Structure formats: structure tokens, C-alpha cells
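The values are calculated or read from the model by the stated rules, or taken from the named source; none is laboratory data. Everything numeric in this text was worked out from a predicted model, so none of it was measured. All Cβ positions, even for glycine, are placed from backbone atoms using ideal geometry, and neighbour counts span all protein chains on display. For the accessible areas, the whole protein counts, side chains as well, though only heavy atoms, and no ligand, DNA or RNA atoms are used. Shrake-Rupley method; radii C 1.70, N 1.55, O 1.52, S 1.80 Å.
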2 protein chains.
Amino acid sequence: MEKITLTVLGMSCGHCEKAVKGALAELDGVGDVSVSLADKTVTIEFDANKVKVDQLKEAIEDQGYDVQ
Amino acid sequence: MEKITLTVLGMSCGHCEKAVKGALAELDGVGDVSVSLADKTVTIEFDANKVKVDQLKEAIEDQGYDVQ
């Protein structure tokens with residue numbers, strides 16, 4: 001598993017956290033996901049053989065947030 | 001129908017708006033509900049014979065927001 005921390009703008013509350021985590025959890029190859037609303041970050045464990053960083057970003061953006 | 005505008009703190013995004021509207025819609029006697037995130041207000045049409053203002057406030061508070 002690899003780990004990446006993305007800066008994600010627009011997450012304001014627990015619902016946002018849940019939306020982002022839920023979208024990432026649907027992707028095959030995604031492990032643990034942690035969100036910091038204060039730091040505006042999403043840290044994702046993932047298997048690079050199964051899922052690409054672009055797919056992670058896309059899943060977050062599809063929920064309506066900006067990945068920097 | 002009567003109409004009341006409550007000041008509600010802690011609503012930060014569209015998910016919050018949806019949570020508040022959904023909780024109020026479940027109450028018998030509640031009509032149109034509009035939320036302004038910018039103004040921190042929730043305006044509720046309701047039938048005072050069917051539902052009391054305290055129940056409206058409680059439904060919002062149960063979603064995790066503070067009614068002033």
C-alpha cells in the first residue's frame with residue numbers, strides 16, 4: 001500500500017468528510033482514509049496496482065470538492 | 001399555515017441544508033422549508049395545530065445544529 005495526502009478545498013463539516021470517505025471507499029484498492037477538516041487534507045492508503053492517483057482525485061472532485 | 005424564521009448556527013454546506021430540511025419534512029404539519037447558509041436562518045411554514053415550535057427546534061438540534 002502507498003499513502004498520499006491531498007489538499008482538498010471545500011470540506012466544511014462531518015457530512016463532507018463522510019461524502020469524501022464514502023466515494024473513496026467505493027474504489028477498489030483503497031485502504032484507510034483519514035480526513036482533516038482543519039488542515040483541509042485527505043490522506044489515503046491505496047494499492048497503486050489497482051487504483052491511480054487520478055482516480056482518487058476524480059472521486060473527491062465528483063463529490064463537489066477541489067483537489068489542489 | 002404559520003411561518004417562523006429561526007437562527008441556526010453550524011450549517012456550513014449543502015449537506016447540512018439537506019439534513020435540516022429532511023428532519024423537518026418528517027414532521028407532520030410542516031410545509032415549505034427554506035435554508036439560508038449565508039444568513040444562518042431556517043424559515044419554516046407550519047400548521048400550529050399539528051406541530052409546535054419546540055418540535056421544529058428539536059428536529060434541527062437533533063441534526064447537530066444550535067438553534068438560537
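Here are a few things to note about the model shown:
- Counting the residues of the stretch A:14-42 that are out of contact with any helix residue (DSSP H, G or I) (no Cβ under 6 Å at 6 or more places or on another chain) and within 14 Å of chain B (Cβ to nearest Cβ) gives 10.
- Filter result for A:V42 (open to solvent by less than 20 Å² (accessible area, probe 1.4 Å), under 22 Å from B:H15 (Cα atoms) and assigned to a strand (DSSP E or B)): yes
- Number of the condition not met by B:K21 [criteria: (1) charged (D, E, K, R); (2) over 22 Å from A:A19 (Cα atoms); (3) open to solvent by 50 Å² or more (accessible area, probe 1.4 Å)]: (2)
- Looking across the stretch A:45-66, just one residue is within 8 Å of the chain's Cα centre (by Cα) and open to solvent by 40 Å² or more (accessible area, probe 1.4 Å), and that is A:K57.
- So B:K3, is it within 13 Å of chain A (Cβ to nearest Cβ) and loosely packed, with under 15 Cβ neighbours inside 10 Å: no
- As a summary of the residue check, B:G10 satisfies the conditions (1) over 11 Å from the mean Cα position of the chain (by Cα); (2) open to solvent by 60 Å² or more (accessible area, probe 1.4 Å); (3) within 14 Å of chain A (Cβ to nearest Cβ) except for the one numbered (2).
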